[in-house]
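Shown next, in structure tokens, is the structure this report addresses.
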Amino acid sequence: MQHKKPSILIRNARIVNRGRITEADVYIRDGFIEKVAGSISGSADVEIDAAGNFLMPGIIDDQVHFREPGLTHKADIRSEARAAVAGGVTSFMEMPNTKPPALTQALLEDKYQIAAQGSPANYSFYMGASNDNLAEVLKTDPRTVCGIKAFMGSSTGNMLVDDPRTLEQLFANAPMLIATHCEDEATVRANEAAYRERYGEAVPIKYHPLIRSTEACLKSSTLAVELAKKHNTRLHILHISTRDELLLFSNALPLEQKRITAEVCVHHLYFNSLRYADLGAQIKCNPAIKDAFHQEALLPALLDDRLDVVATDHAPHTWEEKQNTYFSAPSGLPLVQHTLNVMLGFYQQGRISLEKIVEKMCHSPAICFQIDRRGYAEEGYWADLVVLDPEAEWTVSKSNIHYKCGWSPFEGQRFKGQVKSTIVSGLLAYHNGRFDENVRGERLVFNRK
Ligand code: DOR
């Protein structure tokens, strides 16, 4: 039986929500925000004085890889969900390229069971599409599963969907949002062959963005958009990494009405190809981190709403795996604990407002996926909240990294701004550097027919 949750009263918060910052108290009862008011009298089971701090809705990360089942030497749902919560992420949507991949309804449900046992954050798991599981994909329940994931270019794990007839059927019949990884496979393969011929296995890492090229991204994203327009599919293209692809997206309609939306990831906003020199394969990921010409176009496109959400594509691999030569070093980097700090860095440089960060990391994912009562610090919503001290400074080090893989591309970096408290579905999951190990998040629910 569900125990009644302790009530929480947050006083003196500067609440960042719906484009405004207002000072108020917040009263939370039984998982939900019951009252937001200038001053709330009375007491609660737990009281937090947020004076001097911001209070924002918890971040909803619509793209993470938590590696369970089957790849738990890299990460597991519990380890990475703890890291998420420490970084202010209260809900995650996890990708199907686990082992085995989530290609049947039964395998998908197994992941929900694992999360129910151990995840301190709210969770949802994508159903995986392949060239031969369409009937199974079409059984996915739009109200309890975030979306269908189609790798229209192969990456970690073998989940490529490249059969044109399958793609056509998928886009024509999907009962819900399709999220795509877009890199044209033939283009990538041809580039790989050319560089292999020249350098063998040890291709210098700086060529990664030329192998996983701009052309590969554009070709595949263009195909996805064409298919979506033809079939009126609800398409969400993941991790846009090039200036060229921005032509495919529009800000003409409000997000609620868009049928085609796009995600940008913090690493594509933050890094560019110059960093292969010092970080090497640590920042090898797919799509590749490109040069500054592409990087510099992404933040403006986020600000003017051609790009809709910010996510991480958190994709941990072990340090040892990352030490391999080019073709053997796996793609992906761990990010979910540090995503808010990356965005706060842009805020501190005057390049984005706090309100816009909250829009793109909290409100917009909730709108895009039609998540039931999450993503806002408002009465009637689930209490997914983050108390943020904007002045606290800290340095990323092995001792404060919560990822199972134990490393971060930000090691040694000093960040300004620190998560003080994270409340997940009305439970204080993280407070002053400590986890409540008993907290479990909820399965996300979607307001779809
Ligand atoms: O770099 C990446 N790593 N891109 C992906 O699409 C998959 C991910 C992973 O699972 O490692």
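The values are calculated or read from the model by the stated rules, or taken from the named source; none is laboratory data. All values derive from a computational prediction rather than experimental measurement. Methodologically, a virtual Cβ is constructed for each residue, glycine included, from the backbone with ideal geometry; neighbour enumeration extends over all protein chains shown.
General remarks:
- When each of Lys149, Lys111, Lys139 is tested for being crowded, with 24+ Cβ neighbours inside 10 Å and of a type outside the set (Gly, Ala, Ser), the lone residue that passes is Lys149.
- Qualifying helices (runs of 4 or more DSSP H) (wholly inside region 43-148; at least 1 residues being over 29 Å from Glu168 (Cβ atoms)): 77-86, 105-118
- Subset tally (residues that are in contact with a helix residue (DSSP H, G or I) (Cβ under 9 Å, 6 or more places away or on another chain), within 16 Å of the ligand (Cβ to nearest atom), at negative phi and part of a loop (DSSP other than H, G, I, E, B)) for region 305-316: 2
- Matching entry among Ala366, Ala315 (being aliphatic (A, V, I, L, M), over 28 Å from Gln257 (Cβ atoms), in contact (Cβ under 8 Å) with a residue 40 or more places away in the chain and crowded, with 18+ Cβ neighbours inside 10 Å): Ala315
- Residue match in region 155-173 (condition: aromatic (Phe, Trp, Tyr) and either at pLDDT below 95 or within 30 Å of Ile423 (Cα to Cα) (or both)): no
- Residue in region 150-192 that is nearest to the ligand (Cβ to nearest atom), counting only those that are part of a loop (DSSP other than H, G, I, E, B) and of a type in the set (Gly, Ala, Ser): Ser155
- Considering only residues in region 288-301 that are touching a Lys or Arg at 6+ places or on another chain (Cβ under 6 Å) and surrounded by 23 or more Cβ atoms within 10 Å (Cβ to Cβ), the one that is nearest to Pro409 (Cα to Cα) turns out to be Ala288.
- All positions within region 63-109 that are out of contact with any Gly (no Cβ under 6 Å at 6 or more places or on another chain), within 12 Å of the ligand (Cβ to nearest atom) and polar (S, T, N, Q): Gln63
- Pairs where the first residue, in region 274-290, is more than 21 Å from Val64 (Cβ to Cβ) and away from the ligand (no atom under 12 Å from the Cβ) and the second is at pLDDT 95 or above and among the hydrophobic types (A, V, I, L, M, F, W, C), C-beta under 8 Å, 6+ apart: Leu274/Ala292; Arg275/Ile283; Arg275/Ile289; Tyr276/Ile205; Tyr276/Ile283; Tyr276/Ile289; Gly280/Ile205
- Helices (runs of 4 or more DSSP H) contained entirely in region 332-449, each with at least 3 residues that are closer than 28 Å to Thr98 by Cα: 339-348, 364-368
- Test: residue in region 318-340 that is in contact (Cβ under 8 Å) with a residue 60 or more places away in the chain, among the aromatic types (Phe, Trp, Tyr), farther than 25 Å from Ser79 by Cα and within 16 Å of the ligand (Cβ to nearest atom): yes
- In the set Ala224, Ala179, Ala262, Ala174, only one residue is more than 25 Å from Asn133 (Cβ to Cβ), in contact with a strand residue (DSSP E or B) (Cβ under 9 Å, 6 or more places away or on another chain) and crowded, with 20+ Cβ neighbours inside 10 Å; that residue is Ala262.
- Test: residue in region 87-94 that is more than 16 Å from the chain's Cα centre (by Cα) and surrounded by 17 or more Cβ atoms within 10 Å (Cβ to Cβ): no
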